[in-house]
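Here, each number is a calculation from the coordinates, and none is a lab measurement. All values derive from a computational prediction rather than experimental measurement. A quick note on method: Cβ atoms are made from the backbone with ideal geometry, for glycine too, and the neighbour counts reach across all protein chains shown.
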Amino acid sequence: MTAMIFQLMGGIGLFLMGMVLLTDGLKSLTGEALRRALVRFTGTPYKAFASGTLVTLMVQSSSATTVTLIGFVSAGLLTFPQALGVVLGASLGTTGTGWLVSVLGLKISLGFYALPLVGVGALMRLLTRGRWRSLGLALGGFGLIFVGIDTLQTGMQDLAGAFDLALLPSTGLIGYLAVVSIGALMTIVMQSSSAAVATTLTALHASAVNFDQAALLVIGAAIGTTIKGPLAAIGGSVSAKRTALAHVLFNLATGIIALLMLPVLLGGLEFAQQQMHLEPGAISLAAFHTLFIVLGVLIFLPFTKPFARWIEHLLPEHGPRLTRHLDDSLLQVPAVALESTRRTLVDTTLEVINLLEQLLSSAVGQVNETQRTEVKGALETTQRFFTKIPSIADDEPLSHQRVVQLHAIDHLARLLTRLNLSATARKALAQPSMQLALRQTRATLALARQGLLGRAPADWLTQMEQQAMVLADLRRDERLGILRQTAAGRRSPFDALDALDTVRWLERVAYHTWRLCHYLAEEHMIEAKGDNIKPIDLLANTLDQ
């Protein structure tokens, strides 16, 4: 009995450790490509679904994909509807583990032959650097998976001889729910649906459970795997909580559908075994796992947008609108945290631009105090969040990104001080000599808004620079003209000072707006050492640090 328990525990532990090492090694080895796939190919629900499936197949962990996804959604890198497609893809991608175990792990006893992989992987991990080091980690993990399966098989054969688990209830609603609950509990305890499915496949292969019970255990595993999403979303943004809830609801609904349609699905598998020569046992169980997840995807994927709206209704957005992306859970990944501050700075800048445009078109000469307080509070919150982001001394792109954001924060703070116009300044703005500078400032603000929204021409920053230079020239010319008029007695010294202050106000608004957009845009197209580094490339290289 003791030997059987030790073998079962050791087999599960070796498999889990192998999965962890394989996942970490693959994420480090191919992280850049995987992150690109996850973020870049999410324009439509179907692309997002393909992206989620690909990434999960590569890292062999739907939990890793979902937790990473929650971070991306919190930072604003992905919208919630896009995240839904990735969630569906992650659920399908995790079924790949079942095929790996059933086709290779159980059909061919690879445990003994996998031992050299573990040794080679460990040596590569200790003696090499860079990608070879990551490859060694993945190889060692891959070998441990099969060593664990072999150990688990031995334990399951002893368990089948000691206990007849096939006598457990597998008929009727109560029996179904009991076995499904066992599968969910296994996943929660092991913190891995892959391990629960592998254990179930091994138990079926050793005849410790019958096929119906194994199918119910797999359904339970699919439901139990959702526990990591809510745990990762605790304390996160509303978008993160929505993503976690969507993962739970999809897997729960898919599990219920599979439970209700179990006789139909089992009948379909029996037909495939007879007519299509599908092998019974573990391979059929892997096919069953994939089949009911595909069924859930076919039901949910066409209705991604209505599903997203329903979840948004269940979990409405609360709290400050401008700082919704500043989630403390992102601080553990500096690249994602910096991207969230950039997006917050962009949102705050757009709000300030709107207030300045209202100010220039209003007869009041000042903005609403509530709006001013909101943008000021957003900047202060951003500054506090920015100071908490850990610095990585040897990461030059990230260090460059921090410097760029500090410049942006400085110019945004200066722009906030311009959110008022005195009555004398408004009177000066009405003068004919000020109309060209006023039009130029309005054009600069409009171009900045379009540029930050991604709707401006490719050379919008160059245009803004030219407009700022024109305004600087106008200020010098206007200043000289005002001083001459004052010296000739055609303008009083008080009017001259008001006019000089007003034209300087216009020039400073345009200048700080241009510089702010320059740094926010440079943040979006980071350049370091002459190399163009896109945000997703930066995130890919730093997510696992």
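Considering the Cα positions of the stretch 458-527, please state its Rg to one decimal place and its Dmax as a whole number of Å.
16.1, 53
Would you work out which of 438, 457, 409 lies farthest towards the positive end of the dipole of the stretch 390-483? Charges go on Cβ: Lys and Arg +1, Asp and Glu -1.
Of the listed residues, the answer is 438.
Please rank 465, 396, fewest neighbouring Cβ atoms within 10 Å first, as an exposure proxy. Intermediate values should be presented prior to the final figure.
Numbers: 465 17, 396 12.
Taking fewest neighbouring Cβ atoms as first place, the list is 396, 465.
Sorted from fewest to most neighbouring beta carbons within 10 Å, what does the list 54, 185 look like?
Exposure proxy ranking, most exposed first: 185, 54.
Could you please report the charge total around residue 441, scoring K, R as +1 and D, E as -1 over all other residues with beta-carbon less than 12 angstrom from its beta-carbon? Don't jump to the answer; show the numbers that get you there.
On the way: positive: 418, 439, 442, 475, 504, 508; negative: 357, 507.
Overall, the nearby charge balance is +4.
Per the Kirkwood formula on distinct C-alpha pairs, the Rh of the stretch 328-542 is how many angstrom?
The answer is 18.6 Å.
Order these by the 10 Å Cβ neighbour count, fewest first: 439, 324, 372.
439, 372, 324
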